[in-house]
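Notes follow once the structure below has been shown.
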Amino acid sequence: MFEQVKLAFANDGLEPVIDVATVETHYGKHHVAYTKAFNDLVEKAGLQDKSAEEILSNLDQVADETLKTGLRNQGGGYLNHNIYFEQLKPASEAKKAPEGALLAQIEKQFGSVDKLKEELNALAASQFGSGWGWLGKKADGTLVTYKTANQDNCYSLKLDSVPILTLDVWEHAYYLKYRNLRADYLKALWDLIDWSVAEARYNG
Ligand code: MN
């Protein structure tokens, strides 16, 4: 049984960057719905003993096309939101910058953390329609930035990457407060991103 990651804050804990109504709807409605739908499909497919990452990495083994598409969309919706919500903390609590191996790798590849943020924001802002911007780590330890459409991720797309950070650019993530200003949401979101979570993922 797949469960939503527990929030490290109350629904209004991300104010004013992310408003209480957005958290209530995003985590309390959208993520709830993805999780329920994914659990139903996993049961139907008899895949209860697999992790979400394993299921999404092996969709080609699901013969039924409807079931395969459902698992890809609902499973991605379930897992991507766990990755997203786990990395968010109230601005007063979030670790504002990376240290150690992750910082060294960012500086080596991007020059600085600010440069990485700029690149990721531009990438996420340019995603046409719904999707996600990602910072990932390849098997050789190098970092990679990319974007995905809908609920796709490195597992369903079989990319050589594990997630380090993700930026949700579905309209439901920002539209109540930021309306059409996706770039403003992305710029503000960094105040809530807890780099200790990114470090744990990178070092893990
Ligand atoms: Mn979302």
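The values are calculated or read from the model by the stated rules, or taken from the named source; none is laboratory data. Just so it is clear, the structure is predicted and the values come from calculations on it, not from any experiment. Using ideal geometry, Cβ is built from the backbone for each residue, glycine included, and neighbour counts are taken over all protein chains shown. SASA here: full protein model, heavy atoms, side chains in, ligands and nucleic acids out. Shrake-Rupley method; radii C 1.70, N 1.55, O 1.52, S 1.80 Å.
Here are a few things to note about the model shown:
- Scanning the range 50-68 for residues that are small (Gly, Ala, Ser), under 18 Å from TYR78 (Cα atoms) and assigned to a loop (DSSP other than H, G, I, E, B) yields a count of 1.
- Residue match in the range 28-44 (condition: more than 16 Å from the ligand (Cβ to nearest atom), of a type outside the set (Phe, Trp, Tyr) and crowded, with 19+ Cβ neighbours inside 10 Å): yes
- Complete set of residues in the range 9-27 that are open to solvent by 50 Å² or more (accessible area, probe 1.4 Å) and under 18 Å from GLN87 (Cβ atoms): ALA10, ASN11, GLU15
- In the range 79-90 there is at least one residue that is charged (D, E, K, R) and within 16 Å of the ligand (Cβ to nearest atom).
- Looking at the range 109-204, the strands (runs of 3 or more DSSP E) lying wholly inside it that each contain 1 or more residues that are within 16 Å of the ligand (Cβ to nearest atom), open to solvent by 60 Å² or more (accessible area, probe 1.4 Å) and more than 21 Å from LYS96 (Cβ to Cβ) sit at 143-149.
- Failed item in (1) more than 26 Å from GLU15 (Cα to Cα); (2) open to solvent by 60 Å² or more (accessible area, probe 1.4 Å); (3) touching a helix residue (DSSP H, G or I) at 6+ places or on another chain (Cβ under 9 Å), with LEU102 passing the rest: (2)
- Lone qualifier among GLU107, GLU119 - being farther than 18 Å from THR166 by Cβ and touching a helix residue (DSSP H, G or I) at 6+ places or on another chain (Cβ under 9 Å): GLU107
- Residue, least open to solvent (accessible area, probe 1.4 Å), within the range 83-99, restricted to residues that are in contact with a Ser or Thr (Cβ under 9 Å, 6 or more places away or on another chain) and part of a helix (DSSP H, G or I): TYR84
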